[in-house]
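Worksheet: one structure, shown below.
The values are calculated or read from the model by the stated rules, or taken from the named source; none is laboratory data. Predicted model, so just to flag it, every value in this text is computed and none were measured. Cβ coordinates were reconstructed from backbone atoms using ideal geometry, including for glycine residues, and neighbour counts include every protein chain displayed. Quick note on the areas: whole protein, heavy atoms, side chains included, nothing else; ligands and nucleic acids left out. Shrake-Rupley method; radii C 1.70, N 1.55, O 1.52, S 1.80 Å.
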Amino acid sequence: MPPAAPSGAAAVFGDRLLTATRFVEILADTGVSHGLIGPREVPRLWERHVLNCAVIEDAFPKGAKLIDVGSGAGLPGIALAISRPDLEIHLVEPMQRRTDWLTATVTDLGLGNVTVHRGRAEEFIGVLSAPWVTARAVARIAKLARWCVPLLDGRGTVVAMKGRSAQEELDADRRELNKLGLVADAVTSHGSTVLDEPTLTLDLTFQPKTRVAKGKKKR
């Protein structure tokens with residue numbers, strides 16, 4: 001049985017709380033049976049998963065287009081799409097059974113601002129791009145950035161959900177990130193008023209380096 005919405009959920013989802021509640025119900029049902037959510041996670045679906053993801057909504061400007069890499073159970077993509085209907089969100093997920101589930105869930109929730117794409121991030125280079133890319137617990141930041149940066153539309157920002165070791169991971173991988181064109185970085189806390197433990201993101205802005213055509217020199 002899905003857990004009841006905590007008091008902080010209304011502050012995050014507002015008049016779309018019923019849609020968020022329906023999402024939690026789906027996660028507790030087919031999300032578990034499809035292996036997207038572990039059975040033990042059901043009691044904490046709100047705090048640990050849906051709210052935990054939705055609170056990063058303040059990282060994106062109004063009307064932003066963003067790509068959720070390795071969307072899995074629609075986290076953070078679907079949670080963001082519910083809390084921020086102004087966002088244009090693209091979910092990228094390589095596994096067929098997961099994209100089938102994502103498509104069915106998006107239809108059930110009536111989310112017109114979400115598009116589901118099946119494939120690996122590298123398969124969409126030159127096909128799909130956005131000023132913002134996000135991901136949750138997919139890989140270490142250097143590896144994740146190698147997947148995400150090619151999807152940025154010129155200068156753009158990767159908003160990566162990370163745990164308490166966010167700063168430590170950033171410091172350890174900074175050299176590799178610099179090679180990818182890192183120009184600004186920050187560790188940002190989200191949801192301190194609604195979560196016992198705020199969500200941390202690594203907000204990394206990249207300026208892809210200009211490639212010089214073979215045989216030509218920079219002036």
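Identify, please: which residue in the stretch 190-208 is over 15 Å from the mean Cα position of the chain (by Cα) and of a type in the set (S, T, N, Q) and is, among those, modelled with the highest pLDDT?
To start, the set of residues in the stretch 190-208 that are over 15 Å from the mean Cα position of the chain (by Cα) comprises 191-198, 205-208.
Retained after the next criterion (residues that are of a type in the set (S, T, N, Q)): 192-193, 205, 207.
Values: Ser192: 95, Thr193: 94, Thr205: 98, Gln207: 94.
Among those that are over 15 Å from the mean Cα position of the chain (by Cα) and of a type in the set (S, T, N, Q), it is Thr205.
Here is a list: Asp58, Asp15. Which entry is open to solvent by 30 Å² or more (accessible area, probe 1.4 Å), part of a helix (DSSP H, G or I), in contact (Cβ under 8 Å) with a residue 60 or more places away in the chain and not polar (S, T, N, Q)?
Asp58
Please tell me if Gly119 is open to solvent by 30 Å² or more (accessible area, probe 1.4 Å) and either more than 30 Å from Ala11 (Cβ to Cβ) or within 19 Å of the chain's Cα centre (by Cα) (or both).
No; evaluated as a whole, the condition is false for this residue.
Would you be able to say whether some residue in the stretch 207-214 is among the β-branched types (Val, Ile, Thr) and not in a loop (DSSP other than H, G, I, E, B)?
Restricting attention to the stretch 207-214, the residues satisfying the condition of being among the β-branched types (Val, Ile, Thr) are 210, 212.
If we keep only those that are not in a loop (DSSP other than H, G, I, E, B) as well, we get none.
Among the residues of the stretch 207-214, not one is among the β-branched types (Val, Ile, Thr) and not in a loop (DSSP other than H, G, I, E, B), which makes the answer no.
Identify, by number, the condition in (1) out of contact with any helix residue (DSSP H, G or I) (no Cβ under 6 Å at 6 or more places or on another chain); (2) under 20 Å from Met95 (Cα atoms); (3) open to solvent by less than 20 Å² (accessible area, probe 1.4 Å) that Gly38 doesn't meet.
(3)
Testing Val92 on (1) in contact with a His (Cβ under 6 Å, 6 or more places away or on another chain); (2) among the β-branched types (Val, Ile, Thr); (3) assigned to a helix (DSSP H, G or I), one condition comes back false. Which one is that?
(3)
Got a sec? Which of Thr99, Thr107 is surrounded by 14 or more Cβ atoms within 10 Å (Cβ to Cβ) and without any contact (Cβ under 8 Å) to a residue 24 or more places away in the chain? It would help to see each step written out before you state the result.
Numbers: Thr107 fails: surrounded by 14 or more Cβ atoms within 10 Å (Cβ to Cβ).
After applying the criteria, what remains is Thr99.
So which residues in the stretch 122-148 are outside any strand (DSSP E or B) and open to solvent by less than 10 Å² (accessible area, probe 1.4 Å)? Can you show your working first?
Going through the stretch 122-148, the residues outside any strand (DSSP E or B) turn out to be 122-129, 137-148.
Within the stretch 122-148, Ile141, Ala142, Leu144, Ala145, Cys148 meet the criteria.
Could you pull out the residue among Asp58, Asp86, Asp100, Asp68 that is modelled with pLDDT of 95 or more and touching a Pro at 6+ places or on another chain (Cβ under 7 Å)? It would help to see each step written out before you state the result.
Values: Asp58 fails: touching a Pro at 6+ places or on another chain (Cβ under 7 Å); Asp86 fails: touching a Pro at 6+ places or on another chain (Cβ under 7 Å); Asp100 fails: touching a Pro at 6+ places or on another chain (Cβ under 7 Å).
After ruling out the rest, the residue left standing is Asp68.
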